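Chemist: First the structure, then my questions, so here it is.
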Amino acid sequence: MTSSSHQDNSPYTPEPGKVTDKGICTITQPELSAKVARLPSTSSNISKALERTQHFDAELSASFSGSLSLGSPLIPLPVTFSQAEYTQDPPILEDVVTSLRMQRLADYKQAVYIPPSAKPSLQAKDDTLFPLMEKVEDFLAGDGQVMLVLGDSGAGKSTFNRYLEHQLWQDYRADGPIPLFINLPALDRPDKELVTEHLRRLDFPDELIWALKQTRCFILICDGYDESQLTCNLHTTNLLNQSGQWKAKLVVTCRTQFLGPNYRDRFEPQGEGYYSSAPGLFKESVIAPFSSDQVEEYVERYISLETRAWAKKDYMEKLTTIPGLMGLVKNPFLLSLALGALPAVAESKYHLSSVHVTRVQLYDSFVQHWLSANKRRLRNQNLKLSQDEQRTLDELLDDGFEDSVIKFQMGLAAAIFQEQEGRPVVDYDHRRDRDSWKRAFFNTDLDTSLLRDASLLIRAGKLYRFIHRSLLEYFYSCIFCPPIAIDNEFAPHGLSDSVFVLPSIADHPLSKRSIVMESSIVLFLAERVQIIPEFKRQLHAFLERSKTDKHASQAAANAITILIRAGVQFNGADLRGVRIPGADLSGGQFDSVHLEAADLTDANLIKCWIRQADFTNARMDGVQLGLQLLSGSYGTSVQLWSIEAGLSEYILKADSTHARAVAFSPCGNQVAFASDNEFVILWDIHTSTAMFVLVTGSIFGVSYSPDGARIATGGKDGAVRVFDTQTGLLMWDLESRHMSIHCIDYSPNGQWIITGHNTGELELWDTSTGELCPKWIGHNGYVTGINFSPNSKWIASSSFDRTVKLWDAQTRVLVSMFAGHSEIVYSVAFSPDGLQLASSGWDKTVRLWEVHSRGTGHDSHSSFDSVFSVAYSPDGGHLVSGSKNGTIRQYNANTGEQEMDLSFGPYQASHVVYSPDGLYIITAKDNDLTLWDASTGLLILTFSSHTDIINTVAFSPCGYWIAAGSNDMTIVLWEVESGEQSPCHSHRVVAT
């Protein structure tokens, strides 16, 4: 927290996240209830929705009892004090805060709460999980100012936010930071008036708001960044923690799907410079799906709420028996839906092991149960209804109560998307909105009131919304494909073609707006495609219609996006002249497809299968083609390619030198090109310009530090040189005891640099001091490979002496020597979890070793020739090898069983590399690069631009680039994010 965030004249200005020694303000539950009862209340929040849930089936109502409140208005407070009186008399402010605390504690209701786990980023693996609450507590106690919590729809973000606010109020100390749960979609100007507008909605007078701004600190828990469709940086636009502004820590939650790849600038606090950020003040966590243990714990707490016919073992048996259901219910919201539907499923005539459950069917079932319960409730209230109300109810029952309520909610969902771009909160005022679209849904007519009261809506004052964002999306998806009455749970149904008959294409909902970016809605509809053949045929009909009717283009773009998500393949299809601008075709199967004269403007073709596809005369402005590839050869070139298109963007060329090594910086913005002509070039990928030429001596290896701030080089003269990657300055020039470094590696923790020499020695350097550890004889021959384990605890080395050795990195003591190879060992690699080693050699074998044992695990033999290279998939489940005769083979890393051969001859496969996401394998054979699909083994593209042998290949950490070094003296780059081909640039760098 900077000093500018405090006012010198404030009577008390604690830092956000810090507690004071003023003493805990504790209130017992009886005292709390009594005080709240004595205070006047104008709150009207969610009363009717809560009444409905009390009458609703217990297995459904328990799931939502803690998730309906939008935030109660504050208990009325005196407004006669002046600003001066508020600031000069802090007890007045503390009385106000105490009243707010009592109100919020009384409002909190959560029947079942399971503490969520999280991981540090979207890219992090599941074995990095930690308790989310602990991470948030660390953030609040530290110097950070913004914490972003990401999660899928239904992951429990709002539930966690309400629990967090409740806990902070429970632990509140007088004059401490004030926690505020802020529902962002309910605000008109959260980008500028975040705190002020929220407090006004709680009926705070402006004088009190001004006084709080000047004297108090806040913890702002901002829920629904995605639902409010914000793109701004709330911390920056609200000037938080600047002089004279609100002093606050910010916790923001957002759906994962809402953000693109470069989202951090929306949340990182602004740095001292106007255009700079302060990443050190930003924290991030991603809510993980429930584990099996968390699902079981949820079920146990769920059944303890009241007497039920089923025990925990009954629920768990059904969850694990129905295929695929356990995977679905690891989403907390879907788990709550499933528990309500399971008893009816078990009573159906279907065998549970043959029942196929989809997400949309869970929602269908939940809605039907909700409506049936409300229908019973209304019928049981006939003695309480007036004559007019009873007549209106009878008419609704005669017309089909369930269908009427579903159509009401479908209409409301369509209006929300059409009139307010999907923002979920509707602010309705009877007088102000008497002529607006809102009146059709929120007027006081008897039939509208009955339909609204039976719907899945909640109310806080004048604000209305569906009880969960996913229900808004579900009912909107029903506009395109209406739900079918459920006779038997999860059973497939037919659908009459008449359901979809409309007088013109312009009247169909798919023509109204693009839903391509609404991933949840597209998923609902994709699941409908899989169970309703008529809907699938209709979507295909839109594609045909677009060939002759330009007005069908929007519907066709939506239709093909849905079909692709449903797994429909278009291999060999006749799509000539189809109009699908803006469609998302990513991951689709379009081999040998006819797309002549098609309109593909702004379409997304990333990761599409488009082999032998015909795009003659197709409109392809703004088409996204996706990933890229960086390659090099035994000449002097490195080229960067578009993986999908196979076209070359930039050529970076160096005179009279061979490319010995290529490496990406961890952030992927810089690539190092090492040559045997005594220099290393650091290139800026985005500008294709040489940033620095580092004079090093003839180089065989380069390695970036984990943070990318430094790069270490090693070569013929035996010296290790460490450079600053941002300035190009030499930081260390470390003299070795031995000549000719063949390989070099930075430890993942950044503490060590290890080198392997052609005389068999290993040398370990301390990066904090530059000191060389004591003499270390590693092998009796040329060291061919050296690697740190992922946890930096172990070092593995391979050699001409036919051995693989495992060393303790701290003590340099030999832990294990693996002597199974009968010839030279060419390469060694750790599995991603660090528990296994893979090695390959001249003896035509790939061998897998257990890190903690002296025995070999599995031997996987090459059929023909020496194995030059080996690589693990990112998840550690697979292993790929490249042989002298060109054989590229994939194995199961757990069993050693051969899975498939990707290629045979005629040239040696000198390098094999997995993409960071594990979807692709890139191989170097002679002067060609080949891209393979890792799951099917099918060849995607061959790059043949190099004119000499390729001797090094690397994927960038983000997966958007690949680098390979060659002897033909060029470097070629492609732009990553746009996927569009850029002009080809050639550069020459001459060593002096």
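Chemist: Accessible area per residue, 1.4 Å probe, Å², for the range 255-330: what's the number?
Modeler: Value returned for the range 255-330: 55 Å² of accessible area per residue.
Chemist: Asp95 versus Thr237, label points 7 Å from Cα toward the beta carbon: distance in nm?
Modeler: 3.8
Chemist: Which value, in Å² rounded to 10, gives the accessible area of Asp574 with a 1.4 Å probe and all protein chains present?
Modeler: Counting only protein heavy atoms, the figure is 70 Å².
Chemist: Hey, another quick one. Take the cross-link list Lys407/Lys547; Lys135/Lys330; Lys135/Lys805; Lys125/Lys213 and give me the ones stretching past 31 Å between alpha-carbons.
Modeler: Long pairs (Cα-Cα over 31 Å): Lys407/Lys547; Lys135/Lys805; Lys125/Lys213.
Chemist: Right, here's the next one. Which of the peptides 440-451, 156-167, 700-711 is most tightly packed, and how do the rest follow, judged by the mean count of other Cβ atoms within 10 Å per residue?
Modeler: In decreasing order of mean packing, 440-451, 156-167, 700-711 become 156-167, 700-711, 440-451.
Chemist: In nm, to one decimal, how far is the modelled label at Glu134 from the one at Leu835, with both set 7 Å along Cα→Cβ?
Modeler: About 2.1 nm separates the two model spin labels.
Chemist: Full extension from Arg308 to Glu193: what is 0.36 nm times the residue separation minus their Cα-Cα distance, to one decimal in nm?
Modeler: On the way: separation 115, 0.36 × 115 = 41.40 nm, distance 4.77 nm.
36.6 nm is the gain from fully extending Arg308 to Glu193.
Chemist: Kindly state, to the nearest 0.05, the FRET efficiency for Gln167 paired with Arg737, given R0 = 45 Å and r defined as their beta-carbon distance.
Modeler: The pair Gln167/Arg737 has a calculated efficiency of 0.20.
Chemist: If packing is taken as the average number of other Cβ atoms within 10 Å across a peptide's residues, how do 127-134, 713-720 rank, most packed first?
Modeler: So the peptides 127-134, 713-720, ranked by packing, come out 713-720, 127-134.
Chemist: Further question on the same structure: Going by the alpha-carbon gyration tensor, a ≥ b ≥ c the square roots of its eigenvalues, is the range 498-605 rounded (a/c under 1.5) or, if a/c is not under 1.5, prolate (a/b greater than b/c) versus oblate?
Modeler: rounded
Chemist: Also, quick follow-up: Determine, from the Cβ-Cβ distance of Asn443 and Gln726 and an R0 of 60 Å, the FRET efficiency 1/(1 + (r/R0)^6), rounded to the nearest 0.05.
Modeler: 0.40
Chemist: Using the basic label-point model (7 angstrom from Cα toward the beta carbon), what is the Ala141 to Ser586 distance in nanometres?
Modeler: Taking the simple label geometry, Ala141 and Ser586 are separated by 3.9 nm.
Chemist: In addition: If I compute solvent accessible area with a 1.4 Å probe over the protein chains, what percent of it on the range 523-595 is carbon and sulfur?
Modeler: Carbon with sulfur: 46 percent of the solvent-accessible area.
Chemist: Could you tell me what % of all Cα pairs in the range 750-805 have separations over 19 Å? Mind dumping the intermediate values first?
Modeler: Details: 409 of 1540 pairs.
Distances greater than 19 Å cover 27 percent of the Cα pairs.
Chemist: Another question about this same structure. Taking just the alpha carbons, could you work out the radius of gyration and Dmax for the range 218-345, both in angstroms?
Modeler: Both quantities, over Cα of the range 218-345: 20.9, 64 Å.
The values are calculated or read from the model by the stated rules, or taken from the named source; none is laboratory data. All values derive from a computational prediction rather than experimental measurement. FYI the Cβ positions are ideal-geometry reconstructions off the backbone, even for glycines, and counts take in every protein chain you see. When the accessible area is computed, the model is the full protein with side chains, heavy atoms only, and any ligands, DNA or RNA have been set aside. Shrake-Rupley method; radii C 1.70, N 1.55, O 1.52, S 1.80 Å.
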